[in-house]
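What follows is a short report on a single structure.
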Amino acid sequence: MPDVAEFLAAHHFERARIEALPGDAGVRRYFRLHGGPRPALLLVAPPEHEDLGPFLRIGRLLAGAGLSVPAIIAADPGSGLALVEDFGDHLYAATLDAANTIPYYDAATDALVRLQAIAPPADLPAWDAAAMAMAAAATFLDWWWPAAFGTLPAGAIRAEFMAALADLLAPFAAGPKRLVHRDYFAGNLFWLAAREGVRRVGIIDFQDAARGHPAYDLVSLIEDARRDLPEGLAEREIARFLAASPDLEPVPFRAAMVVLAALRHVRVAGLWVRLALRDAKPGYLAHGPRTWARLAAALARPEAAPLRAFFDRHIPPEKRGNPALAAA
């Protein structure tokens with residue numbers, strides 16, 4: 001990797017003081033630059049782990065639709081380095097703790113409608129039933145299961161899990177396909193009060209955008225595994241989204257939300273364990289109880305019957321939570 005100091009100097013940030021910002025679940029890191037020619041962040045995405053190209057490409061796509069994404073000041077995709085606009089400290093995840101949440105979520109829903117109005121490029125990856133099932137298995141079966149039961153699941157169990165997910169998702173295989181962010185939640189949104197309309201919502205971490213069901217991102221937003229929403233706010237945002245999307249049929253859309261919530265919460269329940277065991281980030285286990293509560297609510301719905309049947313056959317109620325091994 002080229003020297004960071006060399007990259008900064010090439011773009012007139014050689015005198016900037018570098019401040020590391022807290023990391024999240026991914027491998028990329030951000031550093032705030034103080035004293036440069038303009039407010040900026042240094043983005044470091046190790047090329048052996050992440051291709052910076054999709055971040056740059058999807059960013060241009062969203063910006064072209066009038067959405068707020070970090071402007072690119074300079075980038076060297078080969079080295080995994082970029083200088084990007086600094087949105088400041090008003091991350092939704094922090095701001096919502098001390099604010100009336102309704103305007104923030106209304107704006108986030110409106111920005112999501114705008115995002116999903118963008119025609120997804122034909123070569124964008126598909127976030128379809130097969131991709132979602134594989135992602136769920138990679139966390140739940142490969143990490144949660146051995147932590148909970150002491151061994152990887154037998155081949156027959158794995159096959160049954162995948163069949164349950166296929167049955168779960170089958171009714172929506174032919175449903176609408178739109179551009180989906182794939183991780184549209186408060187931790188990836190900023191409040192930019194000086195801007196207007198949907199541009200008040202700063203959007204980051206969009207590099208994994210794909211073609212998928214429009215309900216997926218709304219589930220990510222209102223069934224956030226890291227926070228609880230005020231009573232009635234989730235329903236308000238569903239109604240707001242549907243009112244702005246007259247091409248979507250409300251009944252199948254709401255059914256798809258239940259199914260995708262069950263799928264997402266299974267994957268995320270395993271993700272917390274993987275982060276704790278593989279990445280030495282046990283703090284994420286604090287979100288386990290909420291994730292499992294949301295999963296239980298989804299499994300109780302008739303739309304989630306195939307996955308509920310798998311759980312009833314193989315995972316007793318006392319096992320449905322963070323494994324003791326992961327918490328150790």
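Counting only strands (runs of 3 or more DSSP E) wholly contained in the range 1-119, the ones carrying 1 or more residues that are open to solvent by 60 Å² or more (accessible area, probe 1.4 Å) and either without any contact (Cβ under 8 Å) to a residue 24 or more places away in the chain or more than 30 Å from HIS287 (Cα to Cα) (or both) occupy 17-20, 29-34, 72-76.
Screening the candidates ILE73, ILE58 for the property of being out of contact with any strand residue (DSSP E or B) (no Cβ under 7 Å at 6 or more places or on another chain) and closer than 26 Å to ILE118 by Cβ yields one hit, ILE58.
Scan the range 234-244 for residues that are under 16 Å from ALA107 (Cβ atoms) and surrounded by 15 or more Cβ atoms within 10 Å (Cβ to Cβ) and jot them down.
Filtering the range 234-244 down to residues under 16 Å from ALA107 (Cβ atoms) leaves 234, 236-241, 243-244.
Hits for the range 234-244 are ALA234, ARG236, GLU237, ILE238, ARG240, PHE241, ALA244.
Here are VAL251, VAL258: which of them is at pLDDT 95 or above and open to solvent by 70 Å² or more (accessible area, probe 1.4 Å)?
Numbers: VAL258 fails: open to solvent by 70 Å² or more (accessible area, probe 1.4 Å).
Checking each option against the conditions leaves just VAL251.
The residues on offer are ASP76, ASP110, and the sole one that is farther than 17 Å from ILE204 by Cα and in contact with a helix residue (DSSP H, G or I) (Cβ under 9 Å, 6 or more places away or on another chain) is ASP76.
The residue of the range 134-177 that is farthest from ARG308 (Cα to Cα), among those that are within 16 Å of the chain's Cα centre (by Cα) and surrounded by 20 or more Cβ atoms within 10 Å (Cβ to Cβ), is THR139.
When LEU271 is tested against (1) over 14 Å from the mean Cα position of the chain (by Cα); (2) closer than 30 Å to LEU124 by Cα, exactly one condition is not met: (1). Only residues that are out of contact with any Pro (no Cβ under 9 Å at 6 or more places or on another chain) and under 15 Å from ARG264 (Cβ atoms) were counted in the range 93-136, giving 8. Scan the range 265-284 for residues that are open to solvent by 20 Å² or more (accessible area, probe 1.4 Å) and in a helix (DSSP H, G or I) and jot them down. Within the range 265-284, ARG267, LEU271, ARG274, LEU277, PRO282, GLY283, TYR284 meet the criteria.
Given the residues ALA328, ALA269, ALA280, ALA225, which is the only one that is touching a Ser or Thr at 6+ places or on another chain (Cβ under 8 Å) and at pLDDT below 95? Only one candidate qualifies: ALA225. Selection of first residues in the range 274-287 that are more than 21 Å from LEU152 (Cα to Cα) and among the basic types (Lys, Arg) and of second residues that are open to solvent by 60 Å² or more (accessible area, probe 1.4 Å) and modelled with pLDDT of 95 or more, restricted to Cβ pairs under 7 Å at least 6 apart or on distinct chains, gives an empty result. Selection within the range 146-177: residues that are modelled with pLDDT of 95 or more and among the charged types (D, E, K, R). The member of this set that is nearest to ILE102 (Cα to Cα) is ASP167. Take the residues in the range 178-204 that are in contact with a Lys or Arg (Cβ under 8 Å, 6 or more places away or on another chain) and in a loop (DSSP other than H, G, I, E, B), then tell me which one is most open to solvent (accessible area, probe 1.4 Å). That would be ALA193.
The values are calculated or read from the model by the stated rules, or taken from the named source; none is laboratory data. Note that the coordinates shown come from a computational prediction; the quantities given were computed from them, not determined experimentally. Here Cβ is always computed from backbone atoms with ideal geometry, including for glycine, and neighbour counts include all displayed protein chains. What goes into the accessible areas is simple: the full protein's heavy atoms, side chains included, and nothing from ligands, DNA or RNA. Shrake-Rupley method; radii C 1.70, N 1.55, O 1.52, S 1.80 Å.
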